[in-house]
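Q: Quick one: the structure is below, and I'll ask about it shortly.
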Amino acid sequence: MDEPARPRPVAAVPEPAAGATAEELMVAVAKGDERAFELLYDQLAGPVHGLVRRIVRDSAQSEEVAQEVLVELWRTATRYTPEKGSALNWAMTLAHRRAVDRVRSARAGTERERKATFEAARGRPFDEVAESVTARLERSQVRRCLSSLTELQRESVLLAYYQGYTYREVADVLATPQGTIKTRLRDGLIRLRDCLGVTA
């Protein structure tokens, strides 16, 4: 009588070590390793949330954007290649883009509300309407002048003067030396001043 076939031993998939680097974990995540993602999450959630919070400012929205970034890391892990840079830098680049997109979206919403308020103001006395029109024209001119800056100058100016960041905070957010940020801000403000026709 034949012996029943014994099941072949299944090779165990090695669990990622708790001390694995973010780069090693990203490679494992790209293969669908959920445990590796948990470990990666533990490593990157803090820095990602910190960067997003500095840009977005609002606590609830910052948490939401940080979660979106971490989910995006899971979804796009196969695109990551360690040779092109660290996993932290990759995550922070995604976080910065998402956070800036959220701020721009919020600003667009505010602008739509302002336009609606302006339309509603049409029935108000002349002085109030004139004041509203003047403020709108000034905002439009500032937007036009901001668009004349280079992208790097504009980003630095918006962070420093519209979101209240210090030189150091702007340098941290943009991962750029403080001296470079000061130069961008100085050059950007000179161009803004000239565009707006402001005289000293």
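The values are calculated or read from the model by the stated rules, or taken from the named source; none is laboratory data. Everything numeric in this text was worked out from a predicted model, so none of it was measured. Cβ placement follows ideal geometry from the backbone for every residue including glycine, while neighbour counts extend to all protein chains displayed. Ligands, DNA and RNA are stripped out before the accessible areas are found, and what is left, the full protein with its side chains, is counted by its heavy atoms. Shrake-Rupley method; radii C 1.70, N 1.55, O 1.52, S 1.80 Å.
Q: When the residues of region 75-88 are narrowed to those that are assigned to a helix (DSSP H, G or I) and touching a residue at least 60 places away in the same chain (Cβ under 8 Å), which ends up most open to solvent (accessible area, probe 1.4 Å)?
A: Among residues in region 75-88 that are assigned to a helix (DSSP H, G or I) and touching a residue at least 60 places away in the same chain (Cβ under 8 Å), the one most open to solvent (accessible area, probe 1.4 Å) is Leu88.
Q: Still on this structure: In region 145-173, what residues are open to solvent by 30 Å² or more (accessible area, probe 1.4 Å), in a helix (DSSP H, G or I) and of a type outside the set (S, T, N, Q)?
A: Listed by number, the residues that qualify are Glu151, Leu152, Arg154, Glu155, Leu158, Tyr161, Tyr162, Tyr167, Arg168, Glu169, Asp172.
Q: Out of Glu63, Glu72, Glu34, report the one residue that is more than 12 Å from the chain's Cα centre (by Cα), loosely packed, with under 14 Cβ neighbours inside 10 Å and of a type outside the set (Gly, Ala, Ser).
A: Glu34
Q: Oh, and also: Within region 24-33, count every residue that is in a helix (DSSP H, G or I) and farther than 13 Å from Leu70 by Cβ.
A: Total meeting the criteria: 4.
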